[in-house]
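The values are calculated or read from the model by the stated rules, or taken from the named source; none is laboratory data. Since the model is a prediction, treat every value here as computed from it, not as a measurement. When we count neighbours, we look across all protein chains shown, and the Cβ atoms used for this are built from the backbone with ideal geometry, even at glycine.
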Amino acid sequence: MARRAEKAVLAAGARAEIVAVRGPDDLERAFSLLRPKCFDLLRHLLENGNRLISKEELVAAAWPQAVVTDESLARYISDVRAAIADHEHKIIKTVPRRGYILTADVTRNEHAEPRQQQGGPEAVTGHVLAERPSIAILAFTSMSADPDQEYFSDGITEDIITELSRFSELLVIARNSSFRYKRQSVDVRQVGRELAARYVLEGSVRRAGDRIRISAQLIDATTGAHRWAEHYDRQLEDTFAVQDEVARTIVAVLAVHVNKAETERALAKPPAVWQAYDHYLRAAHTFALFHSSFSKEDLLQVRRSLDQALAIDPNYARAHALLSRSSISLWVHRWDDVCPWPAAVDGAYQSAQGAVRLAPNLSDAHVALGWALSFMRQHEAAIAEFDRATQLNPNLTDHYFAFVLLVTGEPARAIQTLEAHMRLDPFYLPHVPSSTFPKFESYRSVTTTNNNRHSGARVTREARDKRARNP
């Protein structure tokens with residue numbers, strides 16, 4: 001390997017990028033190690049070479065609208081050093097209690113061409129591709145003769161999204177955004193650009209009697225090249241095994257090192273009887289429609305389908321979790337003729353508790369319990385449930401978590417949660433975050449202004465005082 005040179009080159013072209021020169025053999029590896037925020041930090045260090053840069057200045061350069069602790073900044077600097085092989089801290093030196101200084105010689109190439117995306121000339125716009133392999137699962141096409149069977153293919157797709165979301169090595173685009181392309185003939189490269197997804201999974205489902213055929217193909221969205229394709233002909237009761245096999249195959253293709261614990265984590269426990277799953281899929285499909293129609297009849301149909309599922313299999317945790325969420329919707333809309341609204345919250349809590357008891361590793365169950373606890377004003381307990389759900393599903397997208405963080409006096413973390421939500425769900429619903437978090441921009445300002453621990457404590461106290469005054 002060529003000798004590693006302690007020299008950084010700042011290339012300025014149509015798109016400014018940082019190149020850390022370590023030798024020709026592992027230049028690409030250096031890039032692969034740089035996360036987006038690390039990239040911003042390195043850029044700022046290079047642009048201010050041989051000058052002491054305070055921690056506050058670095059935070060403002062990489063996180064202009066958030067509070068970042070010294071410990072977090074130190075971890076990012078450590079990643080930057082690893083990417084440029086600065087193991088002895090000779091290139092980026094730490095000045096205790098003051099900041100950092102980049103000591104290498106820096107040259108600027110005014111005529112450098114922008115570096116093309118690896119794999120082809122297509123540049124992803126709108127977003128920066130994530131450091132983790134990012135994937136969008138498009139709604140599988142229903143090939144059944146009966147148009148009413150569409151709920152089934154949608155349910156299969158959502159379950160594959162759920163299974164892939166368990167793996168922290170992958171960044172999985174949320175259903176709301178990936179289903180935007182349903183019934184559309186689109187170029188997967190366009191989908192990749194709009195969702196900032198490096199890979200796209202598409203497929204079809206054909207159901208005939210007690211048989212099912214699931215076809216799937218994985219496409220590199222930067223080039224349009226096919227990476228993997230397969231089809232499965234199975235009995236209906238084997239659908240869960242197919243979903244698991246598809247998810248694990250994709251993980252094997254995309255993630256070189258998959259956390260062993262995540263690989264061995266069991267699937268969400270399938271229902272004891274196939275028909276219970278069918279009723280659950282109908283309920284989930286209608287509940288998704290309810291979030292755009294806000295129709296009482298849609299919500300009642302959700303609850304009828306869930307009642308049927310639980311009548312067949314009373315221990316079906318996913319059905320209990322969704323029933324809890326539907327009870328919260330009853331409370332929000334104050335449909336007292338269906339259920340008196342005080343009883344709705346209690347029903348939501350009981351259903352969520354049952355779901356967690358039946359399936360402790362089901363993230364949806366912990367999300368449902370988090371919602372119920374927050375409506376009971378047990379916000380600290382609600383945060384604990386949302387945290388547990390996020391541990392189980394690193395790709396969790398639930399905007400309400402941000403609201404709970406806000407009312408407990410954690411605006412900085414609430415903003416980070418919402419920004420993560422918007423990254424995973426680029427086409428987030430119009431009322432997110434605007435109505436759930438109506439003063440999103442003002443809280444950004446508060447967080448930026450109160451950029452120290454004392455100010456953070458003041459924000460927390462003020463939020464808690466306000467809750468005490470307005471119980």
**Message:** Tally up the residues in the stretch 163-186 that are at pLDDT 85 or above and part of a helix (DSSP H, G or I), please.
**Reply:** 7
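Each row is one residue, and each column tells you yes or no for (1) within 19 Å of the chain's Cα centre (by Cα); (2) among the aromatic types (Phe, Trp, Tyr).
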site	(1), (2)
Ser326	no, no
Trp331	no, yes
Tyr349	no, yes
Ala352	no, no
Asn361	yes, no
Val367	yes, no
Gly370	yes, no
Ile383	yes, no
Leu405	yes, no
**Prompt:** List pairs: first in the stretch 376-392 and more than 15 Å from Ala402 (Cα to Cα) and among the aliphatic types (A, V, I, L, M), second modelled with pLDDT of 90 or more and surrounded by fewer than 18 Cβ atoms within 10 Å (Cβ to Cβ), Cβ under 9 Å, 6+ apart or cross-chain?
**Reply:** Met376/Asp346
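Of all the residues that make up the stretch 310-324, how many are within 29 Å of the chain's Cα centre (by Cα) and of a type in the set (A, V, I, L, M)?
We begin by selecting, within the stretch 310-324, every residue within 29 Å of the chain's Cα centre (by Cα); these are 315-324.
So of that shortlist, the ones also of a type in the set (A, V, I, L, M) come out as 317, 319, 321-323.
Count: 5.
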**Item:** Test result for Val67, modelled with pLDDT of 50 or more and within 32 Å of the chain's Cα centre (by Cα)
**Value:** yes
**Item:** All positions within the stretch 201-218 that are more than 11 Å from Leu138 (Cα to Cα) and surrounded by fewer than 23 Cβ atoms within 10 Å (Cβ to Cβ)
**Value:** Arg206, Arg207, Ala208, Gly209, Asp210, Arg211, Ile212, Arg213, Ser215
**Prompt:** Which one is surrounded by the most Cβ atoms within 10 Å (Cβ to Cβ), of the residues in the stretch 44-89 that are among the hydroxyl-bearing types (Ser, Thr, Tyr) and part of a helix (DSSP H, G or I)?
**Reply:** Tyr76
**Message:** Being buried (at least 24 other Cβ atoms within 10 Å of the Cβ), in contact (Cβ under 8 Å) with a residue 12 or more places away in the chain and of a type in the set (A, V, I, L, M): is that true of Val191 here?
**Reply:** no
**Lone qualifier among Arg325, Arg357, Arg303 - being modelled with pLDDT of 90 or more, at negative phi and surrounded by fewer than 18 Cβ atoms within 10 Å (Cβ to Cβ)** = Arg357
**Prompt:** Of all residues in the stretch 123-151 being within 19 Å of Thr286 (Cα to Cα) and modelled with pLDDT of 85 or more, which is nearest to the chain's Cα centre (by Cα)?
**Reply:** Leu138
**Prompt:** Right, Leu236: modelled with pLDDT of 75 or more, of a type outside the set (Val, Ile, Thr) and surrounded by 14 or more Cβ atoms within 10 Å (Cβ to Cβ) or not?
**Reply:** yes
**Request:** Identify all residues within the stretch 187-202 that are part of a loop (DSSP other than H, G, I, E, B) and either closer than 21 Å to Glu158 by Cβ or not acidic (Asp, Glu) (or both); write none if there are none.
**Result:** Ala196, Ala197, Arg198
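To keep it simple, each residue is scored yes or no on (1) in contact (Cβ under 8 Å) with a residue 40 or more places away in the chain; (2) more than 13 Å from Ala247 (Cα to Cα); (3) surrounded by fewer than 23 Cβ atoms within 10 Å (Cβ to Cβ); (4) touching a Pro at 6+ places or on another chain (Cβ under 6 Å).
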residue: Phe140; (1), (2), (3), (4): yes, yes, no, no
residue: Tyr151; (1), (2), (3), (4): yes, yes, yes, no
residue: Ile156; (1), (2), (3), (4): yes, no, no, no
residue: Phe167; (1), (2), (3), (4): yes, no, no, no
residue: Lys182; (1), (2), (3), (4): yes, yes, yes, no
**Request:** Identify all residues within the stretch 195-210 that are farther than 18 Å from Ile160 by Cα and out of contact with any helix residue (DSSP H, G or I) (no Cβ under 7 Å at 6 or more places or on another chain); write none if there are none.
**Result:** Ala196, Ala208, Gly209
**Request:** Please find, within the stretch 407-446, the residue that is modelled with the highest pLDDT out of those that are within 18 Å of the chain's Cα centre (by Cα) and of a type in the set (Lys, Arg).
**Result:** Arg413
**Prompt:** Would the stretch 214-229 turn up any residue that is out of contact with any His (no Cβ under 6 Å at 6 or more places or on another chain), closer than 23 Å to His279 by Cα and either free of Cβ contacts under 8 Å to residues at least 40 places away in the same chain or of a type in the set (Gly, Ala, Ser) (or both)?
**Reply:** no
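With the condition kept exactly as written, say whether any residue in the stretch 110-117 is at pLDDT 85 or above, basic (Lys, Arg) and either under 30 Å from Arg193 (Cα atoms) or not in a loop (DSSP other than H, G, I, E, B) (or both).
Just the residues of the stretch 110-117 that are at pLDDT 85 or above, to begin with: none.
No, the conditions are met nowhere in the stretch 110-117.
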